[in-house]
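Here's the structure we're looking at; comments come further down.
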Amino acid sequence: MRSFEAPGQSRPESVGAPAPEDATDAFVERLFAKGDAYLHDTYATIGDAARFHTKLAGVSFEGRQDVIAGLHAGAPLDLRRQADNPHDSNAIAVHYGQLQLGFFNKRLAAHIAPLIDAGARYGARVASLTGGRSTGEFKHRGVNVVIEREVLGVALQRADAATAERPGAEADAAETGELVRSALIGASAPHEAQRAVLERVEAGKNTLAVLGTGRGKSFCFQYAAAMRAFTGGGKTLVVYPLRALANDQYEALRRTLEPLGLRFFRANGSIDSDEREDLFAALGEGSWDVVLATPEFLEFHREAFRGRSTPSFVVVDEAHHLAESRHRPAYSRLSATISSLGNPPVLALTATAGDETFRRIVDDLRIESWVIDPTVRANLHVADARGTKDKIGYLTELFSARQSPQAKGIIYCHSRPEVTKVAQRLRKQLGNKVMFYHGKMPNAERLEVERLFREGALRVVVATSAFGEGIDLPDVRNVVLFHLNFDSGEFNQQAGRAGRDGSPADIHLLYGPHDRTLNEFLIDLDAPPLERLREIYRGLRGLARPSTGSGQVVVRGSNTEIAGTLEIDRVRDRTIDAALRIFSDSRLIEVGEDDDGRFVRFLAVSGRIEMERNERYAEGEATREAFSRFCELALFAPAETLERVLNRPIYPSNIHLRR
């Protein structure tokens, strides 16, 4: 079982160490003091990143414009610490040979410099040059660089993995398997159904696994994918119905398998331009092990998965969507898309496969074998508190010493600010047994929260959906769904983390009908519907003015400035960002940068633009539809129905459980 030494603390077994209770209190107090900073510090988790982009500071001074004129994308760069820099003791200079180009900005340098000083090593290269022509002279406005952490520095804050390197093909398969298993499920062992699935996958059979909520479907594909990568260089493509599910799995893999050197990417419309650039560079080079994609991304970019990037293994998670979502063109053609990739072996995973759905999955994916795990998790009980007004009062009573003196609980909220706020309010009632957890916390702090919760020093964790994924937490007695989930997959995953040891556990539903409106608003922010896209496009057209440099008709300003100027209801900076990406993908606009800053330029359009053929738009519509369908169940179904959904798989009648 993993542990690490939290910054600023000694391990409890050290000579002169504080009592465990005192150490926990100090840790909790330190993290709560940083709670707001985690939410607002752009670079809070940058030290955990294997790769990141940044723009250099200072390139417009001291004649450096002459230096960067000869640069090109991909040019190798050197990072040099300047601890004696009189302006910034954390200074990190960026050099092209002996020529200094500029510096990391101060806020970024403050996070990276201590890691370099502690021995971390980073490589760098030019990602792109920004600028444009002005009065006949080409001037660069800046240099964007990509920074990559070297493998030996990948686990600086994980004491047990500080010397971990990617297992090679020559490594002993049994030792590699043990390393991967330990990273994924700690000291636990796969149960019989998981072993049966892996046996069929290893035999190269197209396999369907029907396992109920909380029975470890993710382990099956994660283990198989890692072993293929480490022992034979095989590549795994994983298809998810929704980008939110893919993003959650991506965060889990960052925690568990990235420290072993697994190279993975997410492929959907939510990623920014830098991450997208990295993804397509890896696809072009074949330098990846796992890609987590939506069917829309795969449909629109299947040519990228050719040649050196042809997958040797395809996983279809939440495979019941092959039947339920056939109205989505990307799902109706998924079988043909996989065939076009050379018919690699397939593993389909689901907890829901009735007679018709089972038949559809088997036919579409040419399933040769299957494993059905009929386990009913009769220990799970749904506590129906939907519509509760005083949620904090409910939680205080639930976790009070009188009600459950030792019982552990996870409270799931839908955003990082809400997680922090709920934890702060509960701490006033329950003391230092409460902690928050979300993706903007550095990995070292998250690992320590996990350890303290696992060992019982913390009893209640208020978290976003990522907590519990890939973490061995068998004895959670209470799971609380504080807010309404966005889809059934998220609902099942969170609720299913209760009572994995088989002892009685409760799932408390605290959401209510009022949550629906909030979630619909949040979905619209990142996935604007068609009519809102039309309104934004018309508004942008109205803002277009001739550029002072080129004379072209463009729109200037940041996403926040554009949203404020348009003053369209339910449109924020996030909405403008999503809309511009959709318009750009559909070749309606071009977004670039010149001497006057960022511009949006309109392109000539001939004919009707089919938004259904736009990857990002189609993903957004899928998210909206999934939420609408889920609401009918989550808000109005009886507690007994929800309990059955959570505690047992759905599988066809009159069929053998193994084949």
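Kindly state, to the nearest 0.05, the FRET efficiency for Glu192 paired with Asp88, given R0 = 51 Å and r defined as their beta-carbon distance.
Taking R0 as 51 Å, the efficiency between Glu192 and Asp88 is 0.30.
Note the full-extension length gain between Asp390 and Leu522 as 0.36 nm times their separation in residues minus their Cα-Cα distance, in nm to one decimal.
Gain on extension, Asp390 to Leu522, equals 45.2 nm.
Once you have the Cα-Cα distance between Asp41 and Phe636, take 0.36 nm times their residue separation minus that, and quote the gain in nm to one decimal.
210.2 nm
Take the Cβ-Cβ distance between Ser340 and Glu567 as r, set R0 to 30 Å, and report the resulting FRET efficiency rounded to the nearest 0.05.
Efficiency, rounded to the nearest 0.05: 0.05.
With a 10 Å radius around each residue's Cβ, average the other Cβ atoms per peptide and rank 607-613, 263-269, 297-303, highest first.
For the peptides 607-613, 263-269, 297-303, the packing ranking is 263-269, 297-303, 607-613.
Would you mind calculating the gained length between Ala26 and Arg538 on full extension (0.36 nm times residue separation, minus the Cα-Cα distance), in nm to one decimal?
That pair, Ala26 and Arg538, stretches by 178.8 nm at full extension.
Which one of Gly387, Ser89, Tyr43 has its Cα pushed farthest toward the positive end of the charge dipole of the chain, where Lys and Arg give +1 and Asp and Glu give -1 at the Cβ?
Sorting the options by dipole projection puts first Gly387.
For Lys217, list the lysines whose Cα falls under 22 Å from its own Cα; do not include residues on the same chain fewer than 8 positions away.
Lys205, Lys235
Do you know the relative contact order of the chain, to the nearest whole percent, from alpha carbon pairs under 8 angstrom that are 6+ apart?
This gives 15 percent for the chain.
Can you give the helix-only mean residue ellipticity at 222 nm for the chain, where every DSSP H stretch with n ≥ 4 adds -39500 (n - 2.57) and the sum goes over all residues, rounded to the nearest 500 deg cm²/dmol?
Helices in the chain give a 222 nm mean residue ellipticity of -12000 deg cm²/dmol.
When DSSP beta bridges are limited to those with both residues in the chain, what percentage is antiparallel, rounded to the nearest 5?
45 percent
For Asp594, enumerate residues with amide H under 5 Å from its amide H, sequence gap 5+ or separate chain, H modeled in the peptide plane.
Phe599
Measure off 7 Å from each Cα along the Cα-to-Cβ vector at Arg308 and Phe280, then give the distance between these two points in nanometres to one decimal.
Between Arg308 and Phe280, the label points sit 1.7 nm apart.
Taken together, the values in this text are just the output of simple stated rules run on the coordinates, not laboratory data. Bear in mind the structure is a predicted one, so any value in this text is a computation, not a measurement. Heads up, the Cβs are rebuilt from the backbone with ideal geometry, glycines too, and the neighbour counts pull from every protein chain shown.
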